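Contents: one structure, followed by commentary.
Every number here is computed from the coordinates shown, using simple stated rules; none is lab data. All values reported here derive from a predicted model rather than from experimental measurement. Positions of Cβ are generated from backbone atoms using ideal geometry, with glycine treated the same way; all protein chains shown enter the neighbour counts.
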Amino acid sequence: MRPFLLLSLILLCVTARADYADHRNRKVDSLEQVLQSGQTLNDEQRILAYRDLMWGYLQIDGKRAEANAQQVLALSNERKWLNLRVDALRMLGMLAYGGDRFDEALRYYNWALAVTDTMRTDSRFSEKAIDDNLSSIYGAIGNLYNIQDKNLLAIEYYQKAMPIFEKYGWRESLTILHHNIAELYLSMGNENEAERHYQQAIVKGKETGDSLMMVMSRRGLAKIYIDRDDYQQAKQTIDPAYAYYHAHRDEEPSDYAEVLASLAKINLMSGHENLTQAKAFALEALNVVNDEMMTETRCNVFAAAAMVEMRAKNWKAALQYALQSIHKNDDEATFSDVGCYEMLANIYMQLGNKEEASRYISKVRTMMERFSTQNYQSSISQMEVLYNIEKKQKLIEQLNREKKWHLWAGILLSALLLILALAFFLLWRGVRLQRSTALFKARFEGEVAERSRIARDLHDGLGGMLTMLRLKIEGDASKPELLKQLGDTATELRHVAHHLMPEQLLKNGLMTSLQDLAISVPGAHFSHFGNDERLSQEVEVVLYRCAYELVNNAVKHAHANRIDIQLMQEESQVTLTVSDNGRGLDSESQQGGVGLQNIRERISHYHGTMHIVCGKEQGTETNIILPI
């Protein structure tokens, strides 16, 4: 396993930001007792218990962790707990990964990605919850390809996780991710990309104050600058790393040995050669290295020691170190072994052993051909996988676009149907309103004509008859009471005829007619505010009839001796107010009186409103508002 894979595993565990608790420290025994106690648990309580056990057993019993993950998976499928399903799939992927069942792990991770994709259309899950799942799964798949030396695929998935980390400002995760990608590029020989990502890791490390990540990236950068024979950059980069690891040499012995080996090589650079210093660093590295360290670290230390002895022309000592700088089994050889084979060929040439020198030169050629073929085949294989991934991604994007198109088409169609329904309703209501208005207008005109006819008949017919009758009995002094009753009847008849359709209303308008009404009723007063422009005949008649009805109610029913009639004309509305000091109306009278119902019906055709304010023995105020 590569040194940086440890960081990848850390990435898998610590960068997933989903809103679930860390259950690895839960007491699994107590949870098991709950499940086995026979207590009645609902599905939610049961699945959460299995989830806690799944994480609790992760570090101590992989089989039980897997069994509980399968229980979570089964229950989540039944109840559509999507986030818990993703959690279980990630766990199963991690367990398969730990057992070197890489294809199985990849199937679980891809399944988790598919479930996460369905969460996008579920309103229960926020964008952040979905991104949490995606970042952790991408990191896990990157780790999976990383351990299989499928560098291109590993980089692809690490880079999928990167924009999510940047989106939420997860700088610690970005630091680790940039370092991992840099290590992958360095192993592929792409020093420019490796340098760029190392630099990004250092920048993010400064922002988070992560000293360890900064010096780890500096250690990698130093290797690049050494390979470029750039002494100033190499020295400037390695010095802070050496200071950190020297202070923590007991905590990070492997990394400290790597830094010491780099310092030995830096002190052998042409123009800056310091053999004494180089030898001191190499000896310290040899004292630090041990068999428990990774093979790559030990090989790197022994290679640096061999280079120092070669520069000192101690060929036998150089040979001993050089032989320990390579993998014993050729099948395990890495690209760094090729440089050590060249070094061994050179040493054997100096020692006069041409046969061994020739053998290692042949190994160099063989290994270069093998690595070239392997890298080519691996690159082709990974490119095919990437092509298929890209093709699937495009298909998914196309399906999502079609889904969105269908959604928008449905929304537009629904909106169109709603607009048509609304238009039909408005048209129907308009036709109904026109018919109602026409009917009311016809009734109104008929009422006006009928009232005018009745008023004329009363005035001209019955009024004339009463006048003739009065003339006949005027000379009879024995009937003064009859003469008085006849006079009162004639006066009342004129009032009735006048109020049925007052001539003043048709000739001089509403304001004059209301003033006449107030004069004819004892205790009534009229006042006018606003402009004095004539209103339409229909509105004037309606308002006059309303005023007459309200005044009549105040006199006959409320027994008022003070009545105020007020007319206020504005640009947008006209307000008629009739108030009295009578005994007031009860709530039943306000709602159900025939006169008031007639008023409401009249003003409704003009979109008018009526408000009544009254209290027992406190009088009544009625406000009628008609828009103009």
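Here are a few things to note about the model shown:
- Each label was represented as a point 7 Å from its Cα along the Cα-to-Cβ direction; for Glu369 and Gln350 these points are 3.0 nm apart.
- The slack between His272 and Thr208, meaning 0.36 nm per residue of separation minus the straight C-alpha distance, is 19.5 nm.
- Spatial separation of Cα centroids for segment 227-252 and segment 169-215, in angstrom: 16 Å
- Whole-Hz ³J(HN,Hα) from phi, Karplus 6.51 cos²θ - 1.76 cosθ + 1.60, for segment 402-418, glycine and proline x: 5, 4, 5, 4, 5, 4, 5, 4, x, 5, 5, 5, 4, 5, 5, 4, 5
- Annotation for His559 and Ser520: the two label points, set 7 Å from Cα along the Cα-Cβ direction, are 2.5 nm apart.
- Phi angles of segment 135-151 translate, via the Karplus equation with coefficients 6.51, -1.76, 1.60 and θ = phi - 60°, into HN-Hα couplings of 4, 5, 6, 4, x, 5, 5, x, 4, 4, 6, 4, 5, 8, 6, 9, 4 Hz per residue; Gly and Pro are given as x.
- Residues whose amide H lies under 5 Å from that of Gln573, counting only those 5 or more places away or on a different chain, are Ile628; hydrogens are built 1.01 Å from N in the peptide plane.
- Added length on full extension, which subtracts the Cα-Cα distance from 0.36 nm per residue, Glu296 to Lys316: 4.9 nm
- Rough spin-label spacing in nm, given labels placed 7 Å along Cα→Cβ, for Arg249 and Glu44: 5.9 nm
- Gln59/Val594 FRET efficiency (R0 60 Å; Cβ-Cβ; nearest 0.05): 0.10
- Highest to lowest packing among 168-181, 267-280, 307-320, scored as the average C-beta count within 10 Å: 168-181, 307-320, 267-280
- Of the peptides 602-608, 53-59, 86-92, 207-213, the order by per-residue mean of other Cβ atoms within 10 Å, starting with the highest, comes out as 86-92, 53-59, 602-608, 207-213.
- Along segment 256-264 the Karplus relation, 6.51 cos²θ - 1.76 cosθ + 1.60 evaluated at θ = phi - 60°, assigns HN-Hα couplings of 4, 4, 4, 5, 4, 4, 5, 5, 4 Hz to successive residues, with x for each Gly and Pro.
- Stretchable slack from Ala423 to Asp103, in nm (0.36 nm times residue separation minus alpha-carbon distance): 109.2 nm
- Highest average first, the peptides 129-141, 66-78 ordered by how many other beta carbon atoms sit within 10 Å of their residues are 129-141, 66-78.
- Long-range amide H partners of Glu273 with built H, under 5 Å: none
- Here the calculated FRET efficiency for Leu152 and Val431, from their Cβ-Cβ distance with R0 = 45 Å, stands at 0.05, rounded to the nearest 0.05.
- Distant-in-sequence amide H partners of Gly530 (H built 1.01 Å from N, under 5 Å): Gln569
- Filter on Lys316/Lys363; Lys328/Lys354; Lys150/Lys235; Lys204/Lys265 - keep pairs with C-alpha separation over 30 Å: Lys150/Lys235
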